[in-house]
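The values are calculated or read from the model by the stated rules, or taken from the named source; none is laboratory data. Here the structure is a predicted model, which is why all the values come from computation and not from measurement. Heads up, the Cβs are rebuilt from the backbone with ideal geometry, glycines too, and the neighbour counts pull from every protein chain shown.
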Amino acid sequence: MKQLFDHGIKLGLVQSSPATAFKVNDAGGVEKSRERALSLDEITHVFKVFREHSDSFSRDNYLACALLLLLAVRKSELTEAPWSEFNLDEKKWCLPKERSKSGVGIVIPLPPLAIKILEELKVRAWDSPYVFPNRRMSKSQHMGKDTLNRAIAKLFRAETGKKKQPPNVMGHIDYFTVHDLRRTSRSLLASLSVTPHVAERCLNHKLKGVEGIYDRYDYFDERKEALQRVAEKIIFIIESQV
């Protein structure tokens with residue numbers, strides 16, 4: 001609101017800003033970073049609920065969540081991905097810097113489980129240039145940016161920042177978002193004793209400090225092994241419907 005009224009002052013539309021007196025604390029303070037990561041038991045329960053509610057939680061949504069957990073990529077990087085970035089024969093996904101939040105392109109190794117999921121998505125996409133085509137009439141050709149979060153919130157009867165779940169659906173599962181799957185994937189990598197620098201490169205994070213300046217090695221083979229270990233850890237959780 002401050003920016004809006006300041007712009008109005010510059011244009012000569014208003015003489016003063018009624019938002020000037022307000023501070024961040026008046027709006028509830030600075031938003032805290034989320035730290036939510038699902039345990040293995042929670043992952044098992046969540047995907048079980050996904051399968052049990054396939055009438056409302058679509059197959060595309062299910063496969064998208066499986067890939068997000070498996071590959072540790074950001075939601076938009078996956079749901080807006082064109083098929084042109086993928087080489088299923090070489091088992092690689094070339095994510096360009098233009099679509100990466102970090103501004104750094106990366107070649108993502110695809111474990112066999114990811115290939116299996118993508119092959120199904122290829123069939124489901126028909127002739128669409130996108131891995132997750134928009135199933136509704138929209139200007140966007142790919143899955144909407146809020147589709148997954150809305151589907152999860154609706155399924156689990158969740159309110160933003162709160163828990164509001166029927167006991168037979170959510171059980172012991174606390175509120176979570178799609179981005180928490182990426183954090184969960186990072187936790188899985190740590191639990192599998194993947195070294196921190198390899199785990200960080202799996203998330204396409206820049207290495208910090210001196211290591212980040214001098215270490216230009218891409219760790220592709222190490223990331224390939226790490227993601228395969230994640231796949232082996234979760235395959236029995238999701239493969240009953242893959």
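If we scan the stretch 99-107, do we find a residue that is buried (at least 16 other Cβ atoms within 10 Å of the Cβ), more than 17 Å from the chain's Cα centre (by Cα), at negative phi and not in a strand (DSSP E or B)?
No; the residues of the stretch 99-107 include none that is buried (at least 16 other Cβ atoms within 10 Å of the Cβ), more than 17 Å from the chain's Cα centre (by Cα), at negative phi and not in a strand (DSSP E or B).
Looking only at the stretch 129-140, which residues are crowded, with 16+ Cβ neighbours inside 10 Å and out of contact with any helix residue (DSSP H, G or I) (no Cβ under 6 Å at 6 or more places or on another chain)?
Of everything in the stretch 129-140, those that are crowded, with 16+ Cβ neighbours inside 10 Å and out of contact with any helix residue (DSSP H, G or I) (no Cβ under 6 Å at 6 or more places or on another chain) turn out to be TYR130, PRO133, ASN134.
Note down all Cβ pairs under 6 Å where the first residue falls in the stretch 75-100 and is touching a residue at least 24 places away in the same chain (Cβ under 8 Å), the second is hydroxyl-bearing (Ser, Thr, Tyr), and they're at least six residues apart or on different chains.
Pairs that qualify, where the first residue is touching a residue at least 24 places away in the same chain (Cβ under 8 Å) and the partner is hydroxyl-bearing (Ser, Thr, Tyr), are PRO82/TYR130.
Can you name the residue in the stretch 123-140 that is without any contact (Cβ under 8 Å) to a residue 40 or more places away in the chain and among the aliphatic types (A, V, I, L, M) and, of all such residues, is farthest from LEU78 (Cα to Cα)?
That would be MET137.
Has the stretch 194-206 got at least one residue that is at pLDDT 90 or above, surrounded by 13 or more Cβ atoms within 10 Å (Cβ to Cβ) and acidic (Asp, Glu)?
Checking the stretch 194-206: at least one residue is at pLDDT 90 or above, surrounded by 13 or more Cβ atoms within 10 Å (Cβ to Cβ) and acidic (Asp, Glu).
Within the stretch 108-125, which residues are surrounded by 15 or more Cβ atoms within 10 Å (Cβ to Cβ) and closer than 18 Å to CYS202 by Cα?
ILE108, PRO109, LEU110, PRO111, LEU113, ALA114
Mind checking which residues of the stretch 64-96 are more than 12 Å from the chain's Cα centre (by Cα) and hydrophobic (A, V, I, L, M, F, W, C)?
ALA81, TRP83, PHE86, LEU88, TRP93, CYS94, LEU95
Please go through the stretch 146-175 and pick out each residue that is part of a loop (DSSP other than H, G, I, E, B) and at pLDDT 90 or above.
Matches in the stretch 146-175: ASP146 only.
Taking the criterion of being over 18 Å from ALA231 (Cα atoms) and at pLDDT 90 or above, would at least one residue in the stretch 67-75 satisfy it?
yes
So how many residues does the stretch 43-63 have that are over 17 Å from the mean Cα position of the chain (by Cα) and within 22 Å of LEU188 (Cβ to Cβ)?
Qualifying residue count, the stretch 43-63: 5.
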